[in-house]
1. Dipole size in debye (nearest 20) for the range 10-129 around its Cα centre, Lys and Arg Cβ +1, Asp and Glu Cβ -1?
2. How about LYS83: which lysines have a C-alpha closer than 20 Å to its C-alpha, ignoring those fewer than 8 places off in the same chain?
3. Round to the nearest 0.05 the FRET efficiency obtained for LEU87 and LEU115 when R0 = 22 Å and r is the Cβ-Cβ distance.
4. Along each of the three principal axes of the Cα atoms of the chain, give the extent in whole Å, ordering the values from largest to smallest.
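Each reported figure results from applying straightforward, stated rules to the coordinates on display, with no laboratory input. Worth saying up front: this structure is predicted, and the values here are computed from it rather than measured. Quick reminder, even Gly has a Cβ in these numbers, built from the backbone with ideal geometry, and neighbours come from all protein chains shown.
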Amino acid sequence: NSFYLGEVGNASKMNLVLQLMAGVTMAGLAEGMALADRAGLQQKDVLEVMELTSLACPTILEKGKAIIDANFPTHLPLQHLQKDLKLSLSLGDQLEQPLPLTASANEVFKHAKRLGYGEHDASAVYIRARF
């Protein structure tokens, strides 16, 4: 599909909006799976229950399986998603749009990157969330 988004630069803004949503979702999934593990729940059970809810989307289920398998084949490098979160925050600053969840997700991704997971898939943010 093709979309006309108006003036030059709007496609880049659209990309940042979508990457922001992906980053916040990934950070939430990582924290949820870490909490489930810490609470003594089986992560595979979490995914099975999730499949029965409105949260069941291919990306969340795929990344959840990567977390369970501790196998993070790189589809979207963590460092690239963190860069887009940073750019989204910059756009938010320019437009005076508060982005508190994005700011928190960005910090989680920065920490995972500092731990050496920048070139791994973004789902490797879970490794940071476990601690």
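1. The calculated dipole for the range 10-129 is roughly 320 debye.
2. Once the sequence-local lysines are set aside, what remains near LYS83 is LYS13, LYS63, LYS110, LYS113.
3. That gives a FRET efficiency of 0.50.
4. 49, 34, 27
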